[in-house]
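Peer 1: Structure below; questions to follow.
The values are calculated or read from the model by the stated rules, or taken from the named source; none is laboratory data. Note that the structure is a prediction, hence the values are computed from the model and not measured. As a convention, Cβ positions derive from the backbone with ideal geometry for all residues, glycine included, and neighbour counts pool all protein chains shown. In case anyone asks, the SASA skips ligands and DNA or RNA and just uses the protein heavy atoms, side chains included. Shrake-Rupley method; radii C 1.70, N 1.55, O 1.52, S 1.80 Å.
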Amino acid sequence: MPSRKPYEMRTDIEKIQSQWNKLSGLHSRAEWSAAVIRAATAAELAANFVIRKEFEDRSTFSAAFIDNLLRWANGLAGKVDRLLIPLSAGRQQLKIIKKLKVISEKINSQRNAIAHQGIFCNEDEAKDVIEQARHFVETLLKLYDPHFALKDKKLSRVDEPSSI
């Protein structure tokens, strides 16, 4: 049986899909808060992809320097405010990025409440954040690949019968 590619060797797009696959499993086991963390991580990885792409296309900065900028920006909110918006200034995509900023704030707020305050969320809250994250990821990545879509597993409850 072939082994899977180690996570650290995956591309940003592969990492986004891995997070999405993992959140589907967590959601199906009613692990709502953990699923929200994975959705927020997918959103942050999407921001990483776009930031890297912009720097690759528009600069000669090294990958190590760009990685340092990503760490400095610290989280989804920092990446949107400190890197994505400035990189989009004067460009057509700025309008889309500013709309996504509002969504990113909601995703980040719920993620931080779970990660830093120990808050638990219920199924409806999780579904809401997951759909916001889906919109964020797909809208952002479609700026670079118009056909991008997350491959989805049905988000179902533990107590729902499975179809065979």
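Peer 1: Do the conditions hold for GLY78, that is, is it buried (at least 17 other Cβ atoms within 10 Å of the Cβ) and either at positive phi or out of contact with any helix residue (DSSP H, G or I) (no Cβ under 7 Å at 6 or more places or on another chain) (or both)?
Peer 2: yes
Peer 1: Taking only the stretch 43-88 into account, find how many residues are under 25 Å from GLU131 (Cβ atoms) and basic (Lys, Arg).
Peer 2: Residues meeting the conditions: 2.
Peer 1: So is SER24 of a type in the set (S, T, N, Q) and either open to solvent by 50 Å² or more (accessible area, probe 1.4 Å) or modelled with pLDDT under 95 (or both) or not?
Peer 2: Yes.
Peer 1: Of the conditions (1) of a type in the set (S, T, N, Q); (2) more than 30 Å from ILE119 (Cβ to Cβ); (3) modelled with pLDDT of 95 or more, SER33 clears all except one; give me its number.
Peer 2: (2)
Peer 1: Looking at (1) open to solvent by less than 30 Å² (accessible area, probe 1.4 Å); (2) more than 23 Å from PHE148 (Cβ to Cβ), find the lone condition where PHE55 falls short.
Peer 2: Exception for PHE55: condition (2).
Peer 1: Scan the stretch 132-147 and give yes if some residue there is without any contact (Cβ under 8 Å) to a residue 40 or more places away in the chain and in contact with a Ser or Thr (Cβ under 8 Å, 6 or more places away or on another chain), otherwise no.
Peer 2: No, every residue in the stretch 132-147 fails to be without any contact (Cβ under 8 Å) to a residue 40 or more places away in the chain and in contact with a Ser or Thr (Cβ under 8 Å, 6 or more places away or on another chain).
Peer 1: For the stretch 107-155, name all the residues that are aromatic (Phe, Trp, Tyr) and surrounded by 21 or more Cβ atoms within 10 Å (Cβ to Cβ).
Peer 2: PHE136
Peer 1: Same structure, new question: Please list, ordered by first then second residue, the pairs with beta carbon atoms under 6 Å, 6 or more apart or interchain, first in the stretch 58-87 and of a type outside the set (Lys, Arg), second part of a helix (DSSP H, G or I) and open to solvent by 40 Å² or more (accessible area, probe 1.4 Å).
Peer 2: ILE66/ARG52; ALA73/ARG82; LEU76/GLU44; VAL80/LYS101
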